[in-house]
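Comments concern the structure below.
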Amino acid sequence: MRKIGTVPIFVLLLALAGAALAQGTIHPDPAKPRPGFKPHQISFETPQDGVARAEFRSAPFYAVILKTAERCSVKDKERAEIQALFPANKVFYPMAECDEDPEDTISYTNVNAKVGFIAVYAGDSQEQAQQFLTTVKRTGRFPGANLRRMQAVLGYP
């Protein structure tokens with residue numbers, strides 16, 4: 001087995017693979033966002049290592065898609081009104097590549113990038129998410145609400 005110094009190559013490769021697959025922990029409490037995130041974004045741990053990368057993803061999580069809308073049309077006033085209904089779960093929507101905020105670089109996986117939406121964090125597990133979906137449906141305000149497993153993606157310019 002080839003070694004680099006005293007570290008076997010496969011151990012070094014495993015360490016590098018682990019670093020490449022690292023994912024940021026979601027911070028779903030709207031009262032405690034991570035620094036640098038905007039009110040319409042779900043926040044998550046991001047690397048502070050100075051390593052250049054094209055993107056960094058959050059850990060997978062479940063969200064309830066409350067409604068869809070024309071891309072870039074959701075306004076923060078609506079998000080804030082919905083946030084009041086779910087004070088412990090972050091309400092968020094995408095604005096990446098919208099003219100109103102050209103520096104917004106947070107997008108989301110497992111959604112149609114051509115369609116806007118408003119969603120609320122539902123949990124890390126499917127069981128938590130199903131329970132929260134029931135809570136959302138009980139409000140009677142979001143008849144098409146549905147679960148989606150996704151990740152937040154920070155794109156680096």
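The values are calculated or read from the model by the stated rules, or taken from the named source; none is laboratory data. This is a predicted model, so every value here is computed, not measured. Reconstructed Cβ throughout: ideal geometry from the backbone, glycine too, with neighbour counts over all protein chains shown. Side chains included, ligands, DNA and RNA excluded: accessible areas come from the protein's heavy atoms. Shrake-Rupley method; radii C 1.70, N 1.55, O 1.52, S 1.80 Å.
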Round to the nearest 10 and report in Å² the accessible area of LYS67, as given by a 1.4 Å probe over the protein chains' heavy atoms. 80 Å²
What angle, in degrees between 0 and 90 and rounded to the nearest 10, separates the Cα long axis of helix 126-138 from the longest principal axis of the Cα atoms of the chain? 20 degrees
Out of the total accessible area of the chain (probe 1.4 Å, heavy atoms of protein only), what percent is carbon and sulfur? 55 percent
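Charges only on Cβ, +1 for Lys and Arg, -1 for Asp and Glu: so what's the dipole of the chain about the Cα centre, in debye to the nearest 20? All intermediate terms of the calculation are to be shown ahead of the outcome.
Values: 19 positive and 16 negative charges, 99 e Å.
In debye, rounded to 20, the chain gives about 480.
Can you sort ARG79, ARG71, ARG138 by solvent-accessible area, 1.4 Å probe, largest first? Mind dumping the intermediate values first?
Details: ARG79 25, ARG71 80, ARG138 185 Å².
Order by accessible area, largest first: ARG138, ARG71, ARG79.
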If you filter region 79-149 for GluC sites (Glu not before Pro), then keep DSSP loop positions with at most 16 other Cβ within 10 Å, what is left? GLU97, GLU100, GLU103
Charge dipole of region 11-157 about the Cα centre (unit charges at C-beta), most positive-ward option of PRO35, GLN83, VAL51: GLN83
Add +1 for every Lys or Arg and -1 for every Asp or Glu among the other residues with Cβ under 13 Å from the Cβ of PHE117, and state the total. +3
Under 22 Å between C-alpha atoms is the cut-off here; go through the chain and count lysine pairs that meet it, provided they're at least eight residues apart or on different chains. 19
Given [x] -0.55, -0.71, -1.19; [y] -0.69, -0.83, -1.17; [z] -0.44, -0.61, -1.21, the label whose value is log10 I(q)/I(0) by the Debye sum over Cα atoms at q = 0.12, 0.14, 0.19 Å⁻¹ derived from this model: [x]
